[in-house]
């Protein structure tokens, strides 16, 4: 049975690596995302300033975000840089890597419940990885949208159900919340129904995935709008749209209203 080819990163890629050995001329690392691949950070690529003692900058067991400078598969050689990684690149890459690890743990948890084979697991991973830039995004979507996230990818119902259940036990979506209040009134015979329809219309405004709109009565004619979304800017934009829709709808139905804040 032939050994599958070793996968290497490309020049310019950002990679997460663990320091395995520190020597006077640099540090050897293992690339966490590339099974079995090792690399070297030459001392000249450790920091932008003169490095007198390399061990003051890196240590064995440390997790680093590095930039790929050169790749030579024939010599099993990957040259890396620490000094060329910006603070923003480091934080973004580490966050993405942690999300991938969490996604893998969710798939593993689902596989254990289904008593799935390694071959089944790889098939599921391939489908999800092909459709999402980061597989974690699929599980965030499932927390909001349910099993349909996976059935739309032609993943079987058993897998879709369990993947969603496991995701919901391991992911807690933090959402921004904004609120606003409107006053709605209608003196026509069907005034109560008109207000109800206006509020229904408000809930139907276009919104980003995962955004929710709830409306509570504060005692007629005042109604509180509560919008939750991943980003406060999205939440505020949706709140404004929903409130405007309610006001426009009640006017069309012969009533009136105004924003109270």
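What follows is calculated from the coordinates using simple rules that are stated; it is not laboratory data. This is a predicted model, so every value here is computed, not measured. Here the Cβ positions follow ideal geometry from the backbone for every residue, glycine too, while neighbour counts run over all protein chains shown.
Sorted ascending by nearby beta carbons within 10 Å, beginning with the fewest, 164, 179, 189 become 189, 179, 164.
Taking springs between alpha-carbon atoms closer than 10 angstrom, which of 204, 30, 101 fluctuates most in the Gaussian network model of the chain? The residue with the greatest mean-square fluctuation here is 204.
Using DSSP, restrict attention to beta bridges with both residues in the chain and report what percent are antiparallel, rounded to the nearest 5.
Values: 39 of 41 bridges.
If I count the DSSP bridges inside the chain, around 95 percent turn out antiparallel.
Just checking the listed ones, 218, 69, 14: in the Gaussian network model of the chain with Cα springs under 10 Å, the one fluctuating most is 218.
Angle of helix 232-252 to the longest C-alpha principal axis of the chain, folded into 0 to 90 degrees and rounded to 10: 20°. In whole angstrom, segment 176-259 maps to an equivalent ellipsoid with semi-axes of 23, 12, 9, each derived as √(5λ) from the alpha carbon gyration tensor and ordered largest first. Helix 157-170 axis versus longest C-alpha principal axis of the chain: approximately 90°, rounded to the nearest ten.
Taking 8 Å as the Cα distance limit and 6 or more residues as the minimum spacing, I'd like the relative contact order of segment 176-259 as a percentage. Dividing the mean separation by the residue count of segment 176-259 yields 46 percent. How much of the pair distance distribution for segment 1-152 lies past 25 Å, counting alpha-carbon pairs only, in percent? Result for the distance tail: 41 percent. For the pair segment 142-204 and segment 14-62, the centres of their Cα atoms are 47 angstrom apart. A convex hull fitted around the alpha carbon atoms of the chain yields 187 Å³ per residue.
Each of 151, 187 was scored by other Cβ atoms within 10 Å of its Cβ. Listed from fewest to most, they are 187, 151.
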